[in-house]
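The values are calculated or read from the model by the stated rules, or taken from the named source; none is laboratory data. This structure is a prediction, so every number in the text was calculated from the model and none was measured. Glycine also receives a Cβ, built like all others from the backbone with ideal geometry; neighbour counts cover every protein chain displayed.
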Amino acid sequence: MIAIINYGIGNLASVRNMLRKVGEYDVEITKEVDTIQAADKLILPGVGKFDYGMQRLNESGLVEPLSTMVLEDKKPILGICLGAQLMTRSSDEGKLPGLGWAKGKTVAFDRSKLSDSDKVPHMGWNYTLPAKKVDLFESMHANPRFYFVHSYHLEMDDKSDVWLTTEYGYDFCSAYQHENIFACQFHPEKSHKFGMKLMENFVAL
């Protein structure tokens, strides 16, 4: 079973619908600790502002049990968009500390490196370039591109955690992976065959 973490923010139904397209698998949108603990894999989605997302997570009472499952039990987790950012230490967008599961931070786009045509937020389809081999990209379609909507991006302390990069004025980390933790800045649930293949590979982990 895959548990999609419901902390009151994010396009949960879209993530569930994409997972259901890739095969017969039990998918639960839930905020119940017992259900989450029983899951084989977790997904932390999210859209919106960093502090609001952390506030909702803190209010949900899920931070401590989730941290145990991810950091001690090593349960596979996929963070999507804001969910990927919340797993870092902090964000330029807010003041609250992040979950700190990933050794990195979320930073604003460096506008001095963007051209006049590079608008913020970065919105729409863009290509990704693998920085290392990760199982979620196994048998990925050629020229993988995904749908982005974000004004801040991921910056990892250890470059070996960078999984994918994307060029938007300059190269930035668009996905990272460390042990059981997977995260992508883009929306696989909105990325057609590329997102479907990524989700299919996550299910198959």
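Pairs linking a residue in region 91-110 that is under 15 Å from HIS150 (Cβ atoms) and acidic (Asp, Glu) to a residue that is at pLDDT 95 or above and in a strand (DSSP E or B), with Cβ atoms under 8 Å and 6 or more positions apart or on different chains, are ASP92/LYS105; ASP92/THR106; ASP92/VAL107; ASP92/ALA108; ASP92/TYR152; GLU93/THR106; GLU93/ALA108; GLU93/TYR152.
Conditions (1) over 25 Å from ASN11 (Cβ atoms); (2) modelled with pLDDT of 95 or more; (3) more than 15 Å from the chain's Cα centre (by Cα), marked per residue:
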residue: PHE146; (1), (2), (3): no, yes, no
residue: HIS153; (1), (2), (3): no, yes, no
residue: LEU164; (1), (2), (3): no, yes, no
residue: GLU167; (1), (2), (3): yes, yes, yes
residue: ASP171; (1), (2), (3): yes, yes, yes
residue: ASN180; (1), (2), (3): no, yes, no
residue: HIS187; (1), (2), (3): no, yes, no
residue: ALA204; (1), (2), (3): no, no, yes
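Filter region 38-76 for residues that are closer than 24 Å to ASN17 by Cβ, free of Cβ contacts under 8 Å to residues at least 60 places away in the same chain and among the basic types (Lys, Arg) and give the result. ARG56 - this is the single residue of region 38-76 that is closer than 24 Å to ASN17 by Cβ, free of Cβ contacts under 8 Å to residues at least 60 places away in the same chain and among the basic types (Lys, Arg). The set of residues in region 174-194 being among the small types (Gly, Ala, Ser) and either touching a Gly at 6+ places or on another chain (Cβ under 6 Å) or surrounded by 24 or more Cβ atoms within 10 Å (Cβ to Cβ) (or both) consists of SER174, ALA175, ALA183.
Residue count for region 1-50, restricted to those that are β-branched (Val, Ile, Thr), in contact with a Lys or Arg (Cβ under 8 Å, 6 or more places away or on another chain) and more than 17 Å from LEU82 (Cβ to Cβ): 2. Please go through region 75-105 and pick out each residue that is of a type in the set (D, E, K, R) and either out of contact with any strand residue (DSSP E or B) (no Cβ under 9 Å at 6 or more places or on another chain) or at pLDDT below 95 (or both). Matches in region 75-105: LYS95 only. The residue list THR35, THR88 contains one member that is touching a residue at least 24 places away in the same chain (Cβ under 8 Å), assigned to a loop (DSSP other than H, G, I, E, B) and among the β-branched types (Val, Ile, Thr), which is THR88.
Residue-level analysis places LEU96 outside the set of residues that are more than 30 Å from TYR170 (Cα to Cα) and either more than 13 Å from the chain's Cα centre (by Cα) or exposed (fewer than 15 other Cβ atoms within 10 Å of the Cβ) (or both).
If you take the residues of region 91-132 that are touching a helix residue (DSSP H, G or I) at 6+ places or on another chain (Cβ under 8 Å) and not in a loop (DSSP other than H, G, I, E, B), which of them is nearest to GLU72 (Cα to Cα)? The selected residue is GLY104. Residue-level analysis places PRO121 outside the set of residues that are surrounded by 15 or more Cβ atoms within 10 Å (Cβ to Cβ), more than 29 Å from LEU71 (Cα to Cα) and at pLDDT 95 or above.
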